[in-house]
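Every number in this text was worked out from the coordinates using simple rules, so none of it is lab data. Quick caveat, the model's predicted, so the values are computed rather than measured. Here the Cβ is made from the backbone with ideal geometry for all residues, glycine too, and neighbour counts use every protein chain on show.
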Amino acid sequence: MRDRLRGGALYRPATVGPAGLGFSAGRLIAVSRTRDAWRDRYAAFTARKTQLAASAALPPYVTAFDAPDPDLLAIGNDWSRALFDGPFYVSPPRDPARPACSLVFVQSADGNTGADDPGTLGGGDTDKHLIYEGLSRIAADAVLAGAETVRGAEVIFSVWHPQLVALRAAMGLPRHPLQIVATMRGLVVDDVLLLNVPEVDAVVLTIASGMRLMEGALRERPWVRPVVMDAADHLGRAFDLLRGMGTTRLSCVGGRSLAAHLLAADLVDDVYLTTAPQTGGTPGTPLFQRPWNGRAIVRKYGTGADTDVVFEHLVRGTHQRPA
């Protein structure tokens with residue numbers, strides 16, 4: 001039986017398994033069939049994502065400048081370095097009690113990040129397959145997303161191109177990062193692929209009222225661990241608990257509201273920001289809703305079909321961004 005994390009301390013539900021819940025034989029059979037159906041969907045999803053990544057034409061980036069801080073970790077293999085025009089950098093944790101945290105976003109030319117499908121913002125296939133679903137997650141122990149990003153979605157936040165899968169394996173990391181969903185109001189667990197596959201470890205980050213709405217569903221899914229905060233603005237304490245669970249590096253992929261809370265709590269170390277060449281998105285949805293104390297250490301430009309795409313890696317710091 002897995003321990004659960006609540007309010008800064010471990011607690012154990014009275015029962016976490018079907019037998020302890022008093023399920024009938026019919027209910028146990030139904031649960032088993034449902035899990036088999038989810039496994040089938042998971043297998044189809046992973047096959048589709050792998051095929052899309054492996055077959056995508058990825059125009060290489062070219063470097064405008066590359067000036068990493070000396071303590072950053074450089075990652076990559078020959079394949080990724082050729083496409084990215086050099087290594088990809090990740091920050092170490094600045095506090096040993098908390099994981100390092102990155103944000104990964106794409107914005108339109110006029111600075112909007114809001115869109116039902118972020119792919120429509122125009123970041124291009126290299127951003128999607130090499131960075132968003134690739135290098136930004138290669139070294140991550142966990143990927144964090146808000147409830148609106150996953151609600152009712154068939155999604156698992158991982159790496160998919162075979163070259164990047166091999167790179168992650170070479171780093172000694174599990175096939176998929178831990179999947180973390182942040183929800184203060186709770187969500188329908190039955191609607192979310194990443195919470196219904198026992199082979200994919202997951203965490204639900206919530207508060208007591210959200211936990212009450214999901215507790216029955218989570219008891220049927222012992223591979224999903226709740227982290228229950230005392231209040232919605234206690235993200236720092238939640239990060240402490242996640243570090244205690246073995247998370248050293250965390251990648252946040254959205255949404256914008258969750259990113260704003262992480263920035264306000266000073267929990268963000270890296271921002272990987274791709275800017276599309278065209279305007280679009282939901283008006284008035286910038287990533288930075290207030291000034292952030294960051295500076296660019298890397299800038300790349302897209303080529304071919306991704307000409308005029310701009311990628312920047314910003315790190316927490318006091319210096320001005322290069323012009």
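Values as computed for the structure displayed
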| quantity | calculated |
| --- | --- |
| The chain: C-alpha gyration tensor shape, a/c 1.5 cut-off, then a/b vs b/c | prolate |
| For VAL197, VAL224, order by how many other beta-carbon atoms lie within 10 Å, fewest first | VAL197, VAL224 |
| The chain - percent relative contact order, Cα under 8 Å, separation 6 or more | 27 |
| Under the Karplus curve 6.51 cos²θ - 1.76 cosθ + 1.60, θ = phi - 60°, whole-Hz ³J(HN,Hα) for region 117-131, x wherever Gly or Pro sits | 10, x, x, 6, 6, x, x, x, 6, 5, 4, 5, 8, 8, 9 |
| Positive-pole candidate from ALA182, ALA276, VAL104, dipole of the chain, charges at beta carbon | ALA182 |
| Furthest towards positive pole of dipole, THR46, PRO226, VAL200, structure part the chain, Cβ charges | PRO226 |
| Whole-Å distance, taken between Cα centres, linking region 267-322 and region 28-88 | 20 |
| Sorted by Cβ neighbour density within 10 Å, fewest at the top, the residues LEU205, LEU258 | LEU258, LEU205 |
| For region 152-220: rounded, prolate or oblate by the Cα gyration tensor [a/c cutoff 1.5] | prolate |
| Global geometry of region 52-95, whether rounded, prolate or oblate, following the gyration tensor of its Cα atoms and the 1.5 cut on a/c | prolate |
| ³J(HN,Hα) computed for each position of region 79-96 - Karplus, 6.51 cos²θ - 1.76 cosθ + 1.60, integer Hz, glycine/proline x | 5, 5, 5, 5, 6, 8, 6, x, x, 9, 10, 9, 7, x, x, 7, 10, x |
| Order of LEU103, LEU235, LEU173 under a 10 Å beta carbon neighbour criterion, fewest first | LEU173, LEU235, LEU103 |
| ALA202 long-range amide H proximity, modeled H, under 5 Å | GLN179, ARG225 |
| Karplus (6.51, -1.76, 1.60) ³J(HN,Hα), θ = phi - 60°, over region 265-272, in Hz, Gly and Pro reported as x | 7, 6, 9, 9, 9, 10, 10, 9 |
| Cα-centred dipole magnitude for the chain, charges only on beta-carbon of K, R (+1) and D, E (-1), debye, nearest 20 | 980 |
